[in-house]
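To start, the structure under review is shown below, and the notes come after it.
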């Protein structure tokens, strides 16, 4: 192993654990290191491949974007200190800071990081849509940016983005980790190894990564951001990520104070920590901090509605009244109370979740538990009491099996027979992407805080993903297309609500609950508030001694 400026030792412990010597040794109480476990692992440190939360979290420490989202879900400056929008709303001109440097790396002259320029932005954006990159994020600019010259460096500190047509959510798009700015020299020198040799401008810089064991980052001493008192961020000296794939092990390490926090609570021990009302049990009070915050994520069941698909031709779910009957046929409130310990809000409105400014449950009317309505709809669809209704197969993954069985049991009581099939996550993703799953469990996490991100899931011109149900509605499309061109917020929100209501009435999905960020945090952690995107924000974190 190559020895860096900070020594790293491999020691025995839980399998192979890592400790950082000197200032990086937490156990010696000399360090100021933030420890967390990444249960799902990290596949790449290249932001062009930041499609999972685990990769997004790492990318957010190593890179910056032109703009970012604050805790109030407002778009604020980052690498760009300001921007202008042309009168026709087709051109965005960004004025960059001139005090930002890439991390020190051998790829630069003398190993010293060079200044970031607008050419780096143009290169990074172009790389996302370059077919040779094969970025899973290439879709973010599809049918949105100019096809001839979408990205232009006008001078060192001025970057211009041109659109094909007005598209108001574009600022949210470029806040995504896919749009992190990278150095061309590093990408070209390291090639495929750039995935494990990142060079960015972020608050932390790469030290070492033993895949499946640990990732170590250290403070970027030249980071450009400062706090209100003029102190340079970040406060932490570094970050250490472990990769235990057992939630039980992760919880044990947290209890032993080897981890600063854990994200979400495993079903097997949530009742040990939480009451049914979603609060800490008395024996945990004062020992740990429970953080709960609205999360821009919706959990749902998807229904394939493509009438040309053989699966749909032979399914009773092709009838809207049957899909609506399913939506009325189970108790979301009871499910969230008993299976989620109240950590979520029953999804009785539309697909756009609680937490977004356009959400309004008094305007968008969804479904609540109404077994009488379910029976009425079944009769109207030609299946009185469910007589003659074939068994419907619901595909889910293991961790949601209890939820699927709860729903199936209640639907059966209303006359809708459901068979729950548990499959591997990779298989379910393949089946939903290839339209070979007729009824399936899904979730949608916001990439940026705009309802367009959710409603695009039902836009008929979108493939699967994101349109896994293959929903198609001229009325929905018209409202959606009008909304993304509207720069008046209140008018755009009304159009979003209109589109959401059209879709929810057609019922290609069964919304389950609007999620919440749930974190268990050590009491010694300060400056670590949750956020609606559940992005790991460590720039202002302090470890209290």
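Scanning region 479-489 for residues that are closer than 20 Å to residue 463 by Cβ and in a helix (DSSP H, G or I), which turns out nearest to the chain's Cα centre (by Cα)? Walk me through how you get there before you give the answer.
Of the residues in region 479-489, the ones closer than 20 Å to residue 463 by Cβ are 480-481, 484.
If we keep only those that are in a helix (DSSP H, G or I) too, we end up with 480-481.
Numbers: 480: 22, 481: 24 Å.
Ranking the candidates gives 480 first.
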Per the filter on region 99-134, residues in contact with a strand residue (DSSP E or B) (Cβ under 6 Å, 6 or more places away or on another chain) and either surrounded by fewer than 16 Cβ atoms within 10 Å (Cβ to Cβ) or closer than 16 Å to residue 194 by Cβ (or both) are 103, 113, 115, 119, 126
Out of (1) modelled with pLDDT of 95 or more; (2) buried (at least 21 other Cβ atoms within 10 Å of the Cβ); (3) touching a strand residue (DSSP E or B) at 6+ places or on another chain (Cβ under 8 Å); (4) not in a helix (DSSP H, G or I), what's the single condition that is false for residue 421? (2)
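Here is a yes/no grid of residues against (1) in the same structural domain as residue 455 (by TED's automatic domain parsing); (2) surrounded by fewer than 22 Cβ atoms within 10 Å (Cβ to Cβ); (3) without any contact (Cβ under 8 Å) to a residue 12 or more places away in the chain:
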residue: 485; (1), (2), (3): yes, yes, no
residue: 488; (1), (2), (3): yes, yes, yes
residue: 491; (1), (2), (3): yes, yes, yes
residue: 496; (1), (2), (3): yes, no, no
residue: 499; (1), (2), (3): yes, no, no
residue: 502; (1), (2), (3): yes, yes, no
residue: 506; (1), (2), (3): yes, yes, no
residue: 510; (1), (2), (3): yes, no, no
residue: 523; (1), (2), (3): no, yes, no
In region 251-260, what residues are touching a residue at least 24 places away in the same chain (Cβ under 8 Å) and surrounded by fewer than 21 Cβ atoms within 10 Å (Cβ to Cβ)? 253, 254, 257, 258
Hey, can you tell me all the residues within region 486-496 that are out of contact with any helix residue (DSSP H, G or I) (no Cβ under 8 Å at 6 or more places or on another chain) and farther than 14 Å from residue 455 by Cα? 487, 488, 489, 490, 491
For region 534-545, how many residues meet the condition of being surrounded by fewer than 23 Cβ atoms within 10 Å (Cβ to Cβ) and closer than 30 Å to residue 476 by Cβ? 1
Hand me the list of helices (runs of 4 or more DSSP H) wholly inside region 316-418 holding 2 or more residues that are more than 30 Å from residue 494 (Cβ to Cβ). 332-339, 371-380, 401-413
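Determine which member of the set 213, 205 is surrounded by fewer than 20 Cβ atoms within 10 Å (Cβ to Cβ), at pLDDT 95 or above and under 28 Å from residue 40 (Cβ atoms).
Working: 205 fails: surrounded by fewer than 20 Cβ atoms within 10 Å (Cβ to Cβ).
Step by step, each of 213, 205 is checked, and only 213 is surrounded by fewer than 20 Cβ atoms within 10 Å (Cβ to Cβ), at pLDDT 95 or above and under 28 Å from residue 40 (Cβ atoms).
Would you tally the residues in region 317-333 being farther than 16 Å from residue 469 by Cβ and touching a helix residue (DSSP H, G or I) at 6+ places or on another chain (Cβ under 8 Å)? Break it down into steps so the answer makes sense when it comes.
If we filter region 317-333 for residues that are farther than 16 Å from residue 469 by Cβ, which is where we start, we get 321, 325, 328-333.
Remaining after also requiring touching a helix residue (DSSP H, G or I) at 6+ places or on another chain (Cβ under 8 Å): 321, 325, 328-331.
Count: 6.
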All but one of (1) surrounded by fewer than 20 Cβ atoms within 10 Å (Cβ to Cβ); (2) out of contact with any strand residue (DSSP E or B) (no Cβ under 7 Å at 6 or more places or on another chain); (3) closer than 21 Å to residue 305 by Cβ; (4) touching a residue at least 24 places away in the same chain (Cβ under 8 Å) hold for residue 393; which doesn't? (2)
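Considering only region 240-250, state which residues are part of a strand (DSSP E or B) and more than 21 Å from the chain's Cα centre (by Cα).
240
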Residues in region 274-285: is at least one free of Cβ contacts under 8 Å to residues at least 24 places away in the same chain, farther than 30 Å from residue 438 by Cβ, buried (at least 19 other Cβ atoms within 10 Å of the Cβ) and in contact with a strand residue (DSSP E or B) (Cβ under 7 Å, 6 or more places away or on another chain)? no
Selection over region 43-73 where residues are modelled with pLDDT of 95 or more, part of a loop (DSSP other than H, G, I, E, B) and in contact with a strand residue (DSSP E or B) (Cβ under 8 Å, 6 or more places away or on another chain) yields a count of 2
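The values are calculated or read from the model by the stated rules, or taken from the named source; none is laboratory data. As the structure is a prediction and not an experimental result, all values here were calculated from the model. Don't worry about glycine lacking a Cβ; one is built from the backbone with ideal geometry, like all the others, and counts go over all protein chains shown.
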